[in-house]
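Below: the structure, in structure tokens.
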Amino acid sequence: MSNHKPLTYADAGVSIAAGNALVRMIAPLARATARPGADAELGGFGGFFDPRAAGYKDPLLVAANDGVGTKLKLAIDTGRHDTVGVDLVAMCVNDLIVQGAEPLFFLDYFASGKLELETATAVVAGIAEGCRMAGCALIGGETAEMPGMYAPGDYDLAGFSVGAVERGQQLTGDSVAPGDVLVGIASSGAHSNGFSLIRRIIELRLHDLAAPAPFAPAMSLGEALLVPTRIYVRSLLPLVRAGTVKAMAHITGGGFLENIPRVLPKGARAIVDAPALPPLFDWLRSEGDIAPGELARTFNCGTGMVMVVAPGDAQAAIAALAAAGESAAVIGRIEAGAKGCDVTGAAGNWGSARAWTASHDA
């Protein structure tokens, strides 16, 4: 007979009961995101979606996945877990709308060393809120408890979304031509990019996340940096379906320089007159002594989305976006030239350097 104590999964640090409890707690959150095509029930081995019930006749499916990056460390350090779920959804669904696709459903992956129900529920509540904002259903996900893989209190997130666009209506950028106009739509902050640099600045300058934010004193620094990524789907979908938009770029890591050329045809070059830096980015530039070119390649610098439209459609598009609650303005144009992007920081507070460039033609 063995004298060893019989081991259980719980002895190894994994609680099946906690996982089941989490599913029960988040099921109402998922049900609240139900939409035509999905009933948003959790607990099966997969989630179903019916494109016909969503009104599609001959849809192309578009898939995207992403994470939140080291912004999660700020959420963990401040104990604020209710907004990063919105970030997770936003980073995926914003990548779908730029291709003309309506987000249909979303799945998440939550991993931690030890499942803490309060934290996980707050994160999933944010995911459900992001899905509601984007009009997509939360139809499933995965919770992984992996002792030894994560430090106590740490967790990681990944998100996956699928959208649809009727065949022939997808945005490819093929119709973009010299003379077209760039319309920039304001971001809500740093969104979910550049946070390794932001956290480095906070560490080196000994900033207190609980103190008032120097650039937004009504909030703590932690709160101001955790403002979630803006979800542009509901604002942009009517313009996409009306045929107003020729191409769109989601401005994430890489800024204007790396993201706009991704949606341009060969022989089209974007010329961006970068708007003045909002207070957050001006503060980051100053605190980190960040060169303007580095700033422009790391952050969205206040513009979270860029549309390419015909000159005659620009003002109507800006008015429609304003009616939808967005702040938008003409920020540049398309010229003939090597596929790429030129950015000038002529609006005042970018610092001494004024022009940066990137070319993407083979």
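The values are calculated or read from the model by the stated rules, or taken from the named source; none is laboratory data. Just so it is clear, the model here is predicted, and its values are computed rather than measured. Cβ sites come from the backbone with ideal geometry, for glycine too, and all protein chains shown count toward neighbours. Only protein heavy atoms, including side chains, enter the accessible area calculation; ligands, DNA and RNA are left aside. Shrake-Rupley method; radii C 1.70, N 1.55, O 1.52, S 1.80 Å.
Quick one: which residues, 5 or more positions from F105 or on another chain, have an amide H under 5 Å from its amide H? H modelled 1.01 Å from N in the peptide plane, none for Pro or chain starts.
For F105, the qualifying residues are A137, V162.
How big is the Kirkwood radius of region 184-343, worked out from every pair of different alpha carbons and given in Å to one decimal?
The Cα-based Kirkwood calculation yields 16.6 Å.
Beta carbons within 10 angstrom, averaged per residue: use that to sort the peptides 113-120, 210-217, highest first.
Per-residue mean Cβ counts within 10 Å order the peptides as 113-120, 210-217.
Which net charge results when you count Lys and Arg as +1 and Asp and Glu as -1 among the other residues whose beta-carbon is under 12 Å from that of T121? Mind dumping the intermediate values first?
Details: positive: R24; negative: D82, E116, E118.
The answer is -2.
Is the shape of region 81-182 rounded, prolate or oblate, going by the alpha carbon gyration tensor and its root eigenvalues a ≥ b ≥ c, with a/c under 1.5 for rounded and a/b larger than b/c for prolate?
Prolate shape, in that a/c is at least 1.5 and a/b is the bigger ratio.
Name the shape class, rounded, prolate or oblate, that the alpha-carbon gyration tensor gives for region 122-205, where a ≥ b ≥ c are the square roots of its eigenvalues, rounded holds for a/c under 1.5, and otherwise prolate holds if a/b is larger than b/c and oblate otherwise.
Oblate is the answer for region 122-205, as a/c is 1.5 or above yet b/c matches or exceeds a/b.
Sort R31, R269 by heavy-atom solvent-accessible area, probe 1.4 angstrom, most to least.
Ranked list, largest accessible area first: R31, R269.
Determine the order of Y9, Y155 by accessible area, beginning with the largest, at a probe radius of 1.4 Å.
Y9, Y155
Multiply the residue gap between E335 and S286 by 0.36 nm, knock off their C-alpha separation, and tell me the result in nm, one decimal place.
That pair, E335 and S286, stretches by 14.4 nm at full extension.
What 222 nm value per residue comes from the helices of the chain, counting each DSSP H run with n ≥ 4 as -39,500 (n - 2.57) and dividing by all residues, nearest 500 deg cm²/dmol? Walk me through the intermediate numbers first.
Values: 11 runs with 112 residues, N = 362.
Computed mean residue ellipticity for the chain: -9000 deg cm²/dmol.
Taking only the alpha-carbon positions of region 144-184 and ignoring solvent, what does the Debye formula give for the base-10 log of I(q)/I(0) at q = 0.16, 0.31, 0.34, 0.35 Å⁻¹?
Per q value, in the given order, log10 I(q)/I(0) is -0.69, -1.09, -1.18, -1.21.
Once you order the gyration tensor axes a ≥ b ≥ c over the Cα atoms, which shape class does region 44-140 get: rounded for a/c under 1.5, otherwise prolate or oblate by comparing a/b with b/c?
Details: a/c = 2.59, a/b = 1.85, b/c = 1.40.
Verdict is prolate for region 44-140.
Excluding A18 itself, what net charge comes from residues whose Cβ is under 15 Å from its Cβ, given Lys and Arg +1 and Asp and Glu -1?
-3
Tell me, in nm to one decimal, what length is gained between A316 and A53 on full extension, where the rule is 0.36 nm per residue of separation less the Cα-Cα distance?
Roughly 91.5 nm would be gained on extension.
Might you report the magnitude of the Cβ-based charge dipole of region 51-105 about its Cα centre, with Lys and Arg at +1 and Asp and Glu at -1, to the nearest 20 debye?
The dipole of region 51-105 has a size of about 80 debye.
What's the FRET efficiency of R205 with E294 using the Cβ-Cβ distance as r and R₀ = 25 Å, to the nearest 0.05? Walk me through the numbers on the way to the answer.
Details: r = 17 Å, r/R0 = 0.68.
The formula returns an efficiency of 0.90 here.
Quick one: how many lysine pairs in the chain have C-alpha atoms under 27 angstrom apart, if they're 8 or more apart or on different chains? Don't skip to the end; give the middle numbers.
Working: K5/K114; K57/K246; K71/K114; K73/K114; K246/K266; K246/K339; K266/K339.
Total qualifying Lys-Lys pairs in the chain comes to 7.
Please give the solvent-accessible surface of T172 in Å², to the nearest 10, using a probe radius of 1.4 Å with every protein chain present.
Taking all protein chains as shown, T172 has close to 80 Å².
Per residue, how much accessible area does region 194-319 have with a 1.4 Å probe, in Å²?
For region 194-319, the solvent-accessible area averages 39 Å² per residue.
Points 7 angstrom from Cα along the Cβ direction at Q169 and K266: gap in nanometres?
With each label point 7 Å from Cα toward Cβ, the separation is 3.1 nm.
Expressed in whole Å with the largest first, what are the equivalent ellipsoid semi-axes of the chain derived from the C-alpha gyration tensor as the square root of 5 times each eigenvalue?
Largest first, the chain gives 37, 27, 16 Å.
Which whole-Hz couplings ³J(HN,Hα) result when phi for each residue of region 65-73 is put into the Karplus expression 6.51 cos²θ - 1.76 cosθ + 1.60, θ = phi - 60°, listed in order with x for Gly and Pro?
9, 6, x, 10, x, 7, 4, 4, 5
Just to check I understand the Karplus step: with θ = phi - 60° and J = 6.51 cos²θ - 1.76 cosθ + 1.60, what whole-Hz values come out for region 212-226, glycine and proline as x?
In residue order, the calculated couplings are x, 5, x, 9, 7, x, 6, 10, 6, 4, x, 4, 5, 6, 8 Hz.
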